[in-house]
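Report on one structure; see the data block that follows.
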Amino acid sequence: MTKITPQPGIMDIALYQGGQSHVAGVDNVIKLSSNENPFGPSPKAIQAVSDSAANLHRYPSTDHASLRSVIGEKHGLDPARIVCGVGSDEVLQFVAQAYAGPGDEVIHTEHGFSMYPIIARMAGATPVMVAEKNRHVDVDAILAATTAQTRIVFVTNPGNPTSTMISDADLTRLAQGLPRYCLMVIDGAYAEFVDGFDGGAGLVDRFPNVIMTRTFSKVYGLGGMRVGWGYAAQDIIDVLNRVRQPFNLSLTALAAAEAAARDEEFLTFCQAENARLRVWLAEELAKIGVPSDPSFTNFILARFADRAEAEACDDFLKTQGLIVRRVAGYNLPNALRITVGDEEACRRVVAAITAFKGGAA
């Protein structure tokens, strides 16, 4: 060997591209590209962050016991079977690091979260993409793609960037159909936007090879704090904690997440506003020929005639100070992912796309 060389698979990783935040030369910009909560974090979380400043010289807890207890109480889960990470992304990384490697396969779906193949390659495993059906996860296609080498199946529910959802019946059928040596990971980053959805917790209790992950980045408005968690059988949690850095979450992040989880009033407000404005935004865009699937998230996937129209609309929106997300990288070139903002933001989006389409706002 004549030079320093990374492990196989590392250089196959395409760098993740986050949502754009600025438009040169345009003022009053509204960012609708990263599915952030337009109302920000809970005031109680903000206060908790402020209060934590006096203790920044102290190391945080290594077991996250207080936060796990609050999460367990809120969702009716056993805190001992919860693991916390730097966003749910890190929990997904724990899973791949612990359970996949060279010679193994990791299944993700055609329009699934773009971190899945990256995480697989980080572990030295081979990512396997499975087609979806009309922007919905196809359980039969996943089962058909499962081989003796498959170790992990990642599914996002609700989907990102599709906004669609897998039914309880299909999720159960997938869990039943996968071999016991294969882990099924239900990524529930948007679960709080679905009334009555447990994020897959019931399946975790029924199937020892099912893992559920959640995040504080979306409805709780703590994307800047990076706090997520996972729920699984005790033996899996014990494994994941062995690859977790002991101080992976800061004292401030833990305090903010705990305060946010306790603020039910703010959570209910954010959920209600998102549900109201999500329906309005989708209906108004549909009236001007921009359809979208029923959304179970805090964004809609607006569809255009073709890639050229989608990209032209995106360019026009930027001139109007509106930043949305192109999703050609998710095999959806004719679509734009638009975060549901506050009422002003939603009205600006409708007015701008109406003008783009040649109508009157």
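Scanning segment 157-178 for residues that are of a type in the set (Gly, Ala, Ser) and without any contact (Cβ under 8 Å) to a residue 12 or more places away in the chain, which turns out surrounded by the most Cβ atoms within 10 Å (Cβ to Cβ)?
Checked segment 157-178; the qualifying residue surrounded by the most Cβ atoms within 10 Å (Cβ to Cβ) is Ser167.
Only one residue in Ala275, Ala282, Ala261 is buried (at least 21 other Cβ atoms within 10 Å of the Cβ) and either closer than 22 Å to Val86 by Cβ or within 20 Å of the chain's Cα centre (by Cα) (or both), so which one is that?
Ala261
Restricting the search to segment 65-107, which residues are farther than 27 Å from Ala260 by Cβ and of a type in the set (A, V, I, L, M, F, W, C)?
Of the residues in segment 65-107, the ones farther than 27 Å from Ala260 by Cβ are 96-107.
Selection gives Ala96, Ala98, Ala100, Val106, Ile107.
Here is a yes/no grid of residues against (1) under 30 Å from Ser250 (Cα atoms); (2) within 18 Å of the chain's Cα centre (by Cα):
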site: Met122; (1), (2): yes, no
site: Thr126; (1), (2): no, no
site: Ala141; (1), (2): no, no
site: Leu174; (1), (2): no, no
site: Pro179; (1), (2): no, no
site: Val219; (1), (2): yes, yes
site: Gly224; (1), (2): yes, yes
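What pairs can you find where one residue is in segment 3-20 and farther than 12 Å from Met122 by Cα, the other is surrounded by 10 or more Cβ atoms within 10 Å (Cβ to Cβ) and modelled with pLDDT of 70 or more, and their Cβ atoms are less than 6 Å apart, with a gap of 6+ or different chains?
Pairs found: Gly19/Ser33; Gly19/Ser34; Gly19/Arg325; Gln20/Ser33; Gln20/Ile323.
When segment 92-143 is examined, which residues are found to be surrounded by fewer than 20 Cβ atoms within 10 Å (Cβ to Cβ), part of a helix (DSSP H, G or I) and touching a strand residue (DSSP E or B) at 6+ places or on another chain (Cβ under 7 Å)?
Answer for segment 92-143, where residues must be surrounded by fewer than 20 Cβ atoms within 10 Å (Cβ to Cβ), part of a helix (DSSP H, G or I) and touching a strand residue (DSSP E or B) at 6+ places or on another chain (Cβ under 7 Å): just Ala141.
Can you say whether Ala286 is farther than 23 Å from Thr156 by Cα and either of a type in the set (Lys, Arg) or outside the structural domain of Asp195 (by TED's automatic domain parsing) (or both), as far as the supplied structure shows?
Here the answer is yes, as Ala286 does meet what is asked.
I'd like to check which strands (runs of 3 or more DSSP E) are fully inside segment 179-235 and have at least 2 residues that are surrounded by 23 or more Cβ atoms within 10 Å (Cβ to Cβ), at negative phi and of a type in the set (A, V, I, L, M).
In segment 179-235, 183-187, 210-215 are the strands (runs of 3 or more DSSP E) which contain 2 or more residues that are surrounded by 23 or more Cβ atoms within 10 Å (Cβ to Cβ), at negative phi and of a type in the set (A, V, I, L, M).
Please go through (1) at pLDDT 95 or above; (2) touching a Ser or Thr at 6+ places or on another chain (Cβ under 7 Å) for Phe113 and return the number of the only condition it doesn't satisfy.
Single failed check for Phe113: (1).
Determine whether segment 45-63 contains at least one residue that is touching a residue at least 60 places away in the same chain (Cβ under 8 Å), on the phi > 0 side of the Ramachandran plot and among the small types (Gly, Ala, Ser).
Within segment 45-63, none of the residues are touching a residue at least 60 places away in the same chain (Cβ under 8 Å), on the phi > 0 side of the Ramachandran plot and among the small types (Gly, Ala, Ser).
Given the structure, is Val155 under 22 Å from Thr339 (Cα atoms) and in a strand (DSSP E or B)?
In short, yes.
Looking only at segment 334-353, decide whether some residue is within 28 Å of Val130 (Cβ to Cβ), surrounded by fewer than 23 Cβ atoms within 10 Å (Cβ to Cβ) and of a type outside the set (Val, Ile, Thr).
yes
In the set Asp89, Asp63, Asp51, which member is surrounded by fewer than 18 Cβ atoms within 10 Å (Cβ to Cβ) and either outside the structural domain of Asp187 (by TED's automatic domain parsing) or not in a loop (DSSP other than H, G, I, E, B) (or both)?
Asp51
Using beta carbons and a limit of 8 Å, which pairs, at least six apart or on different chains, have the first residue in segment 113-137 and aromatic (Phe, Trp, Tyr) and the second one in a strand (DSSP E or B)?
Phe113/Phe154; Phe113/Thr156; Phe113/Asp187; Tyr116/Val106; Tyr116/His108; Tyr116/Pro127; Tyr116/Phe154
The values are calculated or read from the model by the stated rules, or taken from the named source; none is laboratory data. Note that the coordinates shown come from a computational prediction; the quantities given were computed from them, not determined experimentally. Glycine gets a Cβ as well: all are built from the backbone with ideal geometry, and neighbour counts include every protein chain shown.
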